[in-house]
Amino acid sequence: MPWPPKCWASWPSAARCTTRERIATLVSLSLTPLHLERIQAVHLERDQIDVEGQAVLFQTGLFAKLPHDIPETTALAILDVAGAPAQTARLVQPGQTVLVIGGGGKSGTLCVYEARKRAGPTGCVIGVSPFAKDCERMRQLGWVDHALQVDATDAVAVMNAVATVTHGRLADVTINCVNIQHSEMGSILATREGGKIYFFSMATSFTAAALGAEGVGKDVEMLVGNGYARGHADHALNLLRESPALRSLFERLYA
Ligand SMILES: NC(=O)c1ccc[n+]([C@@H]2O[C@H](COP(=O)([O-])OP(=O)(O)OC[C@H]3O[C@@H](n4cnc5c(N)ncnc54)[C@H](OP(=O)(O)O)[C@@H]3O)[C@@H](O)[C@H]2O)c1
C-alpha cells in the first residue's frame, strides 16, 4: 500500500533536514497504527490502495527514503518484500540447489533472481507455481533451471517433481514465498536432509512446519520469515538497478 500517498514526511526534524523527503515505512502495516480518512482508489492488480490519513511511525520504526530513479509504486512493491531477497542472499552458497516455492510471485521472482546470482552457474534454481503462465514467465526470464508446474499444497507432488529434476538429491535451500496455506509439508519433503527452509510466507503455520518435519523424520533447519535484514531496502532496490529484465517486469506489473 503506498503510504503516505499524498503527505510529505520530514525526518529527523525540520531543523536538521532542509529538504523534505518522501519515505516509506518498512514496518508492516499490520502493526502500524493508521487513521484512515478516505480510500481514494483500490489497485487490485498491484495489491495497493491510495488513502488519505495518518500513520503513526515510532522512533524505532524502520523507514526508507523513496528513490528518485524508480517509480514510486514499483519501489513500494519492492520494499514490501525486501527481506526475502536479502535473506536469500545470506542463505544460498555457490553450487547449491535452491527451490523457490511461489517463484512466480513478487517476492518469489526477487528470490529466484537472487538465488541465481548466489548459486552461480554450477548451482540449480527451481521455481514452483501451479500456474502455466507463471512457469512460462519464469522460463522466459531465464533465471531458473526448472520451472515446475505443481501445486505447493500437494506435498508429495512437490517432492516428486523436485526429486525428478535433482536426480533424488532434493533442494539444499528452499524459500517459501506463497500466499496460501498448507504448503509447509511440500517445502519439507522437497528439501534434503540437513538442508534449510526459509518460510517467508505469512501463511506459514509454525505447528504444521514443526510437527510436519518431526512426523516425517526430516532433520532440516527451518527459519521464520523475518522480513528485516540489515540493508534490505537498498539491497532489493539495487536488484532492479542491476537487472533491466527485473526492472522492466516490476515496472510493467507495479508502476
Ligand atoms: N515475512 C515477511 O516479512 C513478509 C513480508 C511481506 C510479505 N510476506 C508474505 O509473503 C508471501 C508472498 O508475498 P508476495 O507479495 O510475494 O505474494 P504474491 O506476489 O501473491 O506471490 C505469491 C505467489 O504464490 C503463488 N501461489 C498461489 N497458490 C499457489 C500454490 N498452490 N502453489 C504454489 N504457488 C502458489 C501465487 O500465484 P497467483 O498470484 O497466480 O495466485 C503467487 O505467484 C505472502 O504470504 C505475504 O504475506 C511476508
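Points worth noting:
- The Cα atoms of the chain give a gyration tensor whose axes a ≥ b ≥ c have a/c of 1.5 or more with a/b greater than b/c, which makes the shape prolate.
- Annotation: for a label point projected 7 angstrom from Cα along Cα→Cβ of Glu45, residues of region 235-253 with backbone N closer than 13 Å are 251-253.
- Residue ranges 173-179, 137-143, 126-132 sort as 173-179, 126-132, 137-143 when ordered by packing (mean number of other C-beta atoms within 10 Å per residue, highest first).
- Note on the chain: with a GNM built from Cα contacts shorter than 10 Å, the maximum mean-square fluctuation among Leu79, Leu57, Leu31 falls on Leu31.
- Antiparallel DSSP beta bridges within the chain, percent to nearest 5: 35 percent
- Cα shape, region 23-79, gyration tensor, a/c 1.5 rule: oblate
- In the chain, helices alone account for a calculated mean residue ellipticity at 222 nm of -10500 deg cm²/dmol, with every DSSP H run of four or more residues adding -39,500 (n - 2.57).
- Three-way shape call for region 83-224 based on the alpha-carbon gyration tensor, with the a/c threshold at 1.5: rounded
- Considering only Ala233, Ala245, Ala75, the mean-square fluctuation computed in a Gaussian network model of the chain, springs between alpha carbons under 10 angstrom, is largest for Ala245.
- Contour excess over end-to-end distance, with Cα ends at Ala255 and Ser30 and 0.36 nm allotted per residue: 78.7 nm
- Comparing mean-square fluctuations of Thr207, Thr74, Thr191 from a GNM of the chain with C-alpha springs under 10 Å, the top value falls on Thr207.
Quick note: the coordinates plus some simple rules give every number you see, no bench work behind them. Everything quoted here is computed from the prediction, not taken from an experiment. Here Cβ is always computed from backbone atoms with ideal geometry, including for glycine, and neighbour counts include all displayed protein chains.
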